[in-house]
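Notes to accompany the following structure.
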Amino acid sequence: MTITARDIEKTFDRYPALNGVTLEIAEGELLALLGPSGSGKTTLLRLIAGLEFPEKGQILFDDQDMTLAGAADRRVGFVFQQYALFRHMTVARNVAFGLDVRKRAQRPSKEEILKRVDELLKLVELDGLGKRFPNQLSGGQRQRVALARALAVNPRVLLLDEPFGALDATVRKSLRKELRRIHDATGVTTIFVTHDQEEALELADRVAILNLGRIEQVGTPTEVYDAPSGPFVCGFVGAANRFEGDVQAERFTGGGLTLAAPGVANGSATAFVRPHDLVPAADGDGFDVVAHRVTAQGPVVHIEGLTLAGLPFEAHFARENAQGLAPGAKLRLAPSKAYVFPA
Amino acid sequence: MTAPTDRNIVANAPQRTAVQAAPRRGWTWRRRSAIPGFGLTMGVTLAILSCIVLIPLSAVILRSAGQGPADFLSAAFSERAFTAYRLSFGAALVAALINGLFGLPTAWAMVRYQFPGKAAVNAIIDLPFALPTAVAGIALASLYAENGWVGGLLAPLGVKVAYTPLGVIIALTFIGLPFVVRTLEPVMRDLSHDVEEAAASLGASRLDTILRVIMPSLAPAWVTGFAMAFARGVGEYGSVIFIAGNMPYKSEIAPLLIIIELEQYDYAGAAAIAVVMLLVSFAMLFVINAIQAYARRFA
């Protein structure tokens with residue numbers, strides 16, 4: 001199902017949470033809402049779920065206006081960061097809840113519900129744990145129950161609010177893969193909120209990046225990483241070194257480096273260089289730096305230090321290019337690629 | 001570089017220590033624990049329980065055991081004593097049920113909503129805790145007497161409150177109100193909103209959410225509050241005697257009967273009634289505790 005949010009505005013106590021947000025989510029898509037805390041990403045998700053209502057704008061499910069419909073009437077699956085399981089019910093009853101509360105005419109028979117619960121527990125790899133209570137499960141298992149519970153009602157859209165936020169790193173990674181697998185198996189349109197850019201880039205078909213209640217950019221993970229729309233996206237998605245300077249006649253100078261800046265108007269500007277785009281340079285090219293910390297992280301060596309202008313920088317070298325590099329070493333670096341945005 | 005073989009992985013795994021004492025099973029007096037102080041706190045608990053509760057109560061039992069079984073039975077289960085038990089336990093039960101019924105919305109209003117005068121309402125709920133019970137009894141008696149403000153309104157309808165079992169129930173309801181409200185409040189405050197939101201997003205109506213999600217989570221606290229109000233009601237004396245009228249076989253509560261026997265220097269008879277009340281109360285609290293443990297099985 002296609003979901004459209006059109007010109008959404010929402011304020012909490014006169015503090016704006018969303019400022020004219022428009023976003024379209026395609027049928028069967030897995031979309032990430034990415035942004036720092038306070039960017040409005042959770043608010044947007046809750047508006048789509050019917051847990052909050054906007055002051056202005058529209059929420060459409062296909063062509064149907066759902067802006068003011070209650071949560072119970074939307075048939076959405078919602079997964080909370082803190083699981084929100086019913087702790088007085090067994091796992092099986094939790095999963096069956098959405099079917100149990102249906103009106104008698106629409107409620108499946110007892111056997112059908114049991115069968116559906118079994119199917120779902122198998123899907124989230126919890127078969128056999130139906131008789132446990134939530135407090136007898138680990139965090140990762142609880143979130144799987146929450147996922148199965150949300151899927152039980154055949155939701156038109158699955159919404160997840162920082163679903164892996166309360167889990168430790170290992171469990172988070174495996175559940176991420178799990179969510180992708182479940183999404184591919186069920187084909188349900190899915191939107192998830194995260195502040196973890198790695199999670200968004202790994203998992204999503206498309207990423208919507210929010211900042212201060214506005215959408216900065218919507219695109220595939222490759223697009224937002226390789227072609228950021230502005231300084232915020234560039235600094236937020238992936239690490240980047242920042243250099244403040246000026247553009248004159250499509251050339252950027254600042255922080256000791258000079259770059260081509262095609263299409264950027266004259267005036268002050270900011271240049272971003274990703275750590276892996278800083279490469280060793282020949283004399284007469286690039287800028288001088290001093291390495292202060294050299295750490296090997298798997299196949300990559302991270303070098304942190306200061307430029308001659310006193311700016312901190314970070315560069316990532318492949319292991320074989322960093323042989324014999326020690327703290328205190330002087331290097332000459334040049335950006336192989338950079339992004340320049342007018343300030 | 002070659003891929004790590006299974007052997008490498010096993011070699012890297014932490015080795016279990018071979019010499020490891022088997023964990024002791026079951027309950028022992030001495031047990032290593034990171035939380036010290038079991039001996040001290042348990043000792044203090046037993047000492048204070050003995051001095052304040054167990055020794056006086058066993059004196060009651062000893063006293064009643066001083067008489068023969070026939071005397072004991074005739075004192076403990078005379079018709080007058082029997083109707084008194086029925087009134088004491090029955091009225092306490094009804095009062096606790098009323099408090100359970102009305103304590104729930106009261107606690108809900110106090111936890112969920114902000115309204116002007118909330119602090120005052122909060123203080124009023126606690127008044128029955130602090131007020132001398134005799135004061136409450138006299139106030140209730142004069143209000144509900146046939147010439148009182150409320151009693152005067154009820155009298156034309158043929159409802160007599162003061163000096164009847166109904167009056168006993170009203171006094172006990174007054175005494176027990178704070179118990180239910182105060183035990184429910186903290187649990188309600190801890191109920192997280194997202195559980196309700198989850199229920200709503202799964203298609204549950206507001207009523208379904210209340211009946212299937214909120215109420216079951218409140219049940220253990222509700223039973224606790226009910227039990228406390230009930231226990232308080234069974235033992236209550238001061239507020240009841242003014243409104244009850246204390247007519248034998250009609251509106252006489254068991255604690256009052258004990259006093260009457262004492263005033264007639266029939267210590268053994270008073271002790272016999274006390275023992276019956278003791279045993280019944282203990283049994284009921286025990287059952288209520290078991291219900292509570294069941295309601296709490298998921299926590």
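The values are calculated or read from the model by the stated rules, or taken from the named source; none is laboratory data. Because the structure is a prediction, the values reported are computed rather than measured. Every residue, glycine among them, receives a Cβ derived from its backbone with ideal geometry; neighbour counts consider all protein chains shown.
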So A:ALA166, is it within 27 Å of A:GLU52 (Cβ to Cβ), more than 14 Å from chain B (Cβ to nearest Cβ), in contact (Cβ under 8 Å) with a residue 40 or more places away in the chain and of a type in the set (Gly, Ala, Ser): no
Across region B:198-255, what is the total count of residues that are within 14 Å of another protein chain (Cβ to nearest Cβ), touching a residue at least 24 places away in the same chain (Cβ under 8 Å) and small (Gly, Ala, Ser)? 3
Take region A:160-194 and flag every residue that is under 20 Å from A:SER39 (Cβ atoms), aliphatic (A, V, I, L, M) and surrounded by fewer than 20 Cβ atoms within 10 Å (Cβ to Cβ). A:ALA166
Taking region B:85-101 and keeping residues of a type outside the set (Gly, Ala, Ser), out of contact with any Pro (no Cβ under 8 Å at 6 or more places or on another chain) and over 11 Å from B:ILE170 (Cα atoms) leaves B:TYR85, B:ARG86, B:PHE89, B:LEU93, B:LEU97, B:LEU101
Would you mention how many residues in region A:78-91 are more than 7 Å from chain B (Cβ to nearest Cβ) and touching a Ser or Thr at 6+ places or on another chain (Cβ under 8 Å)? 0
What pairs come up if the first residue lies in region A:227-251 and is part of a strand (DSSP E or B), the second is basic (Lys, Arg) and modelled with pLDDT of 90 or more, and their beta carbons are under 8 Å apart, counting only those six or more places apart or on different chains? A:ASN241/A:ARG274
Check region B:210-219 and report whether any residue there is crowded, with 16+ Cβ neighbours inside 10 Å, among the small types (Gly, Ala, Ser) and within 24 Å of B:ALA95 (Cα to Cα). yes
Could you say which residue among A:ASP196, A:ASP168 is of a type in the set (Asp, Glu) and within 13 Å of the chain's Cα centre (by Cα)? A:ASP196
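Filter region A:53-74 for residues that are facing chain B (nearest Cβ under 10 Å) and of a type outside the set (Gly, Ala, Ser); which is nearest to A:VAL101 (Cα to Cα)?
Only one residue fits best here, namely A:ASP73.
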Provide a single number: the residues in region B:262-274 that are crowded, with 20+ Cβ neighbours inside 10 Å and free of Cβ contacts under 8 Å to residues at least 24 places away in the same chain. 1
Only one of (1) facing chain B (nearest Cβ under 9 Å); (2) in contact with a Leu (Cβ under 8 Å, 6 or more places away or on another chain); (3) under 21 Å from A:PRO163 (Cβ atoms) fails for A:ASN94. Which number is that? (1)
Condition check for B:VAL159: of a type outside the set (Gly, Ala, Ser), away from every other protein chain (no Cβ under 14 Å) and assigned to a loop (DSSP other than H, G, I, E, B): yes
Which numbered condition A:ARG87 fails, given (1) in contact (Cβ under 8 Å) with a residue 24 or more places away in the chain; (2) buried (at least 19 other Cβ atoms within 10 Å of the Cβ); (3) touching a helix residue (DSSP H, G or I) at 6+ places or on another chain (Cβ under 8 Å): (2)
Which ones in region A:101-126 are over 21 Å from A:PRO163 (Cβ atoms) and in contact with a helix residue (DSSP H, G or I) (Cβ under 7 Å, 6 or more places away or on another chain)? A:VAL101, A:ARG107, A:PRO108, A:ILE113, A:ARG116
Checking the conditions here, which among A:ASP285, A:ASP277 is over 32 Å from the mean Cα position of the chain (by Cα) and touching a residue at least 40 places away in the same chain (Cβ under 8 Å)? A:ASP285
